[in-house]
Structure formats: C-alpha cells, structure tokens
1. Quick one: if you take sqrt(5λ) for each eigenvalue of the C-alpha gyration tensor of the range B:69-173, what semi-axes come out, biggest first, whole angstrom?
2. Using 0.36 nm per residue, how much length does the chain from B:LYS79 to B:ILE324 gain when fully extended, once their Cα-Cα distance is taken away?
3. Taking other Cβ within 10 Å of each residue's Cβ, how do B:MET63, B:MET283, B:MET318 sort, fewest first?
4. Need one number: the % of Cα-Cα pairs in the range A:58-120 sitting beyond the 13 Å mark.
5. How far is helix B:326-340 tilted off the main Cα axis of chain B, in degrees rounded to 10, range 0 to 90?
6. Between A:VAL71 and B:PHE297, how high is the FRET efficiency from 1/(1 + (r/R0)^6) when r is the Cβ-Cβ distance and R₀ = 25 Å? Nearest 0.05.
7. Measure nothing fancy, just the Cα-based angle from helix B:125-146's long axis to the longest principal axis of chain B, in degrees from 0 to 90, nearest 10.
8. So what is Rg over Rh here for the protein assembly as shown, counting just Cα atoms and using Kirkwood for Rh?
Amino acid sequence: MLLSYLPVLVIIGFVTFLAVAVFFINSIVSPNNPYKDKLSPWECGMEPIGNDASAGHFKVHFFIIAILFIVFDAETLYLFPWAVVFRELGVVAFVEMFIFIGILLIGFIYAWAKGALEWV
Amino acid sequence: MPDINTLIEVALIIVKVIVVSLILFTLPIPLTWIERKVAGHIQVRLGPFRVGPHGILQPVADMIKLMFKEDIAPDKADKWLFKFAPLFAMVPAFAVYAAIPFGDKITIPIINKEVTLYISDMNVGILYILAVGGISVYGIILGGWASNSKYALLGGIRSSAQMISYEIALTFSCIGVVMTSNSLSLLDIVKLQSGTILGFIPHWNIICQPIGFAIFFIAALAEINRIPFDLPEDEGSLAAGYHVEYSAMKFSFFMLTEYLAMVTASVLTVILFFGGWNAPLFMPEIPIFWFVAKVGFFIYLFMWIRFTLPRYRYDQLMTIGWKILLPLSLLNILLTGLFLL
C-alpha cells in the first residue's frame with residue numbers, strides 16, 4: 001500500500017536533482033554580464049513606468065473566479081468517491097448528490113445573475 | 001530489516017522512475033522539431049531545414065544555445081521565488097507520471113522477470129493526476145508575480161484564472177468516466193475498455209461518453225495553454241506572458257513543462273476515452289505500439305489545431321468555461337447517472 005506512493009517521492013527527488021544539476025551547469029558555462037538596463041523589467045523597450053507590478057494591482061474579477069473555483073473544487077472532492085460506488089448505493093445516493101449539486105448551482109446561478117461571470 | 005522482495009520492488013521503482021524521467025526530459029527535443037515541421041508544412045513552407053538533414057538537429061542546436069545563455073534575473077524581482085518558480089511548474093508535470101500506466105506487463109527475455117509497465121498503480125490514480133497536475137499553476141503564478149514585471153504579472157494571473165476555470169470542467173468530465181468504470185485506477189479504466197460492443201464497436205469510453213470526451217478535450221486544450229486558448233502567452237497583447245523575464249534554462253524549463261503538459265493531456269485522453277493500449281478493431285494486439293500511436297495522434301492533433309485556429313478573446317474564454325462547459329459537464333454527469341441506474 002505504502003509502496004505505491006513511494007514513487008511520488010522518488011520522482012520528485014530525481015527530477016529536482018536533474019533540474020538543479022542543469023541549472024548548475026548553466027551557471028558555469030553561461031556568461032555573466034549584468035548592467036542596469038538589462039536588469040530592468042521589460043516593457044517593450046520603454047523605460048518602466050508607474051508602480052512595481054508586485055504591488056499587486058489586478059482586476060478584482062480574477063478574485064471572484066478564484067472563489068467560485070473553490071466552491072466547485074470542493075464539490076469535485078465529494079463527487080469522486082460518490083462516482084466510484086454510486087451504482088451500489090442506488091437511486092437514493094444519486095438523488096442526494098443532485099440535491100447537493102443543486103444547492104451549489106443556486107449559488108452559481110446567483111453569481112451568474114449578479115454578473116460575476118461577465119467580463120467587461 | 002525489510003525482506004528481499006521489497007528491496008527488489010524498491011530498486012525496480014527507482015530504475016523505472018529514472019528511465020521515465022529521462023525519457024520525458026528529452027522528449028521535448030523531438031517534439032519541438034515535429035511541431036515546427038508540422039507548422040511549416042501546414043503553412044506551405046519547409047520549416048527548419050539547415051541544421052542536419054531536414055533540420056533534424058535544430059532542437060539540439062537550440063538546446064545548446066539555451067544552455068550557454070546568460071541567466072538574467074531582473075533586479076526588482078523576488079530572487080528566491082524567481083528561481084523556484086520553474087521548478088514548481090516542472091516537478092508536478094513529471095510527478096503526474098508516477099500514476100500513469102503505459103501498458104500492462106511485459107516479461108524481460110533474458111532474466112525472465114515480469115515487469116509492469118507502470119511506475120505505480122494507485123487506487124486513486126486519476127484523482128492524484130488531477131490534483132498534482134493542478135500544482136503546476138503555482139509555478140506559473142509565482143513566476144509571473146516574482147518577475148515584478150507588468151506583462152509577467154498579467155500573464156500569470158490570466159493564466160491561473162484560465163487554468164482553474166477549466167479545471168472544473170476537466171474534473172467533471174472525468175467523473176463521467178469514473179462512473180462508467182467504477183474505479184479511480186487508470187489500469188482498471190483501461191482494462192474495462194477492452195472487448196467490443198455488439199461485436200463490431202470497440203468498447204471505448206468515447207462511445208458511451210461522447211459529451212464527456214468533447215468537454216475533456218476542450219478543457220484540456222485550455223488547461224495546457226494551447227491555441228485556441230493560449231491567452232497566457234498572447235503575443236499581441238502580453239508579449240510572452242508569465243515567462244517574459246525568464247532566460248536560459250529557466251525559460252526552457254517552462255517550455256519543457258508546456259510540452260510535458262501536452263503529452264500528459266494526450267496520454268490522459270487516450271487512457272480515459274480511447275481504450276489505452278487496447279487495439280482497435282480486428283487489429284493485432286501490440287499494446288505498446290497502439291499506445292504510442294494513439295498518443296502520437298493526439299499530440300499531432302494538438303499541433304494541427306494550433307496552426308489552424310485563431311485565438312479566443314479573454315471574455316470569450318471565460319464565457320466558454322463557465323457558462324457552457326460547466327453546465328454541460330454537470331448535465332453529462334446527470335445523463336450518465338440516469339443511463340447507468
């Protein structure tokens with residue numbers, strides 16, 4: 001049982017090792033000649049203007065999308081175990097699951113009606 | 001003290017992991033050449049032709065060039081995250097393959113030992129793949145944010161919003177397959193697709209899950225950032241998106257991740273909907289050949305789509321994801337359930 005999850009560790013370890021080795025070789029053989037203009041953020045060759053990008057100004061719509069995603073992602077976690085055994089559980093489990101999905105769908109329809117999915 | 005069989009198992013796992021990782025690590029080299037050749041011939045030109053016969057050494061030359069490039073980190077960047085973002089993107093793309101079966105079993109002729117053609121048959125296989133595959137989005141958003149460049153930040157945020165939006169439809173379309181096969185293990189899913197219906201239709205999931213396949217394929221296209229959904233790298237408005245500030249090997253690791261994601265999407269399409277290594281009608285059973293052929297066909301299909309279709313606008317992308325694919329995938333689950341009960 002535990003043996004079937006060991007490969008995950010092994011593959012993560014090996015790939016990380018491979019990547020770090022490649023980085024290392026790259027850092028040895030590559031030239032290193034930094035100067036101010038090369039190290040400035042790229043803005044089509046113009047002088048960078050305005051705030052730093054990491055001040056985090058972005059459209060709030062992305063945040064709403066992320067919240068909606070969490071709702072449905074939690075739903076998929078319940079759907080997977082249900083999908084494996086739903087034939088044994090029969091009609092009752094099927095109806096129950098769709099009541100659950102229905103409740104989530106009400107929230108989704110509300111978000112839709114409020115225009116959270118309109119991208120303007 | 002663990003017994004000898006466990007030790008052999010562990011050694012076998014390590015060997016398999018190394019072989020699979022090295023194959024995947026070098027796979028983008030032929031794939032970039034094939035992609036550029038396909039692009040060339042679709043657009044009635046030759047594609048790479050100078051380096052080696054028919055340009056076959058072009059990707060090797062590119063790789064050597066990238067190896068010798070200067071590794072630039074912008075002075076305003078978050079140095080640690082900037083360095084780790086390519087790793088965050090790349091390692092999950094490899095880790096996914098711990099659960100993907102490439103075939104059933106083969107016997108190695110000389111030592112006469114039976115070897116399974118998968119690294120691990122997890123009983124939660126498909127859930128593991130979707131979960132780990134989803135981690136890649138961290139690499140992209142971290143790379144975009146740590147660069148401290150406006151294009152990179154926009155590209156990273158757009159990309160993550162796109163990926164999480166389509167991940168829902170992708171997962172829901174997989175649930176249809178799980179319902180028909182009653183298992184999360186990819187090995188079981190493939191085994192259930194052997195044989196035929198009525199003696200002449202292959203018993204592949206595409207037959208009983210056509211809507212599921214359509215949703216899966218469209219969502220996979222968006223998930224791996226391919227045209228017509230390649231908005232994260234929209235050259236016209238974002239320059240190169242989240243990896244605009246990256247150079248040298250860090251840049252190539254992002255590219256490697258994208259190619260691996262394309263291979264993963266093809267492999268998953270084949271395993272979930274096209275019978276894995278089961279041969280099509282009345283064809284001889286050569287498992288590995290059929291698996292590679294089917295995966296190759298889907299990789300070619302992704303390239304074909306890339307050079308045929310234009311790109312969607314961002315609002316269209318979100319409309320397709322949330323207003324069409326999501327309700328449609330729920331409908332698919334409902335229909336599958338009603339049909340099976």
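Read-outs throughout are calculated quantities, based only on the coordinates presented, and are distinct from any laboratory measurement. This structure is a prediction, so every number in the text was calculated from the model and none was measured. No Cβ is skipped: glycine too gets one built from the backbone with ideal geometry, and neighbour counts run over all protein chains shown.
1. 36, 19, 8
2. Between B:LYS79 and B:ILE324, full extension yields 84.1 nm more.
3. Listed from fewest to most nearby Cβ atoms, that is B:MET283, B:MET63, B:MET318.
4. Here the tail beyond 13 Å accounts for 68 percent of pairs.
5. 10 degrees
6. 0.10
7. Helix B:125-146 and the main axis of chain B meet at about 0 degrees.
8. Dividing the radius of gyration by the Kirkwood radius yields 0.97.
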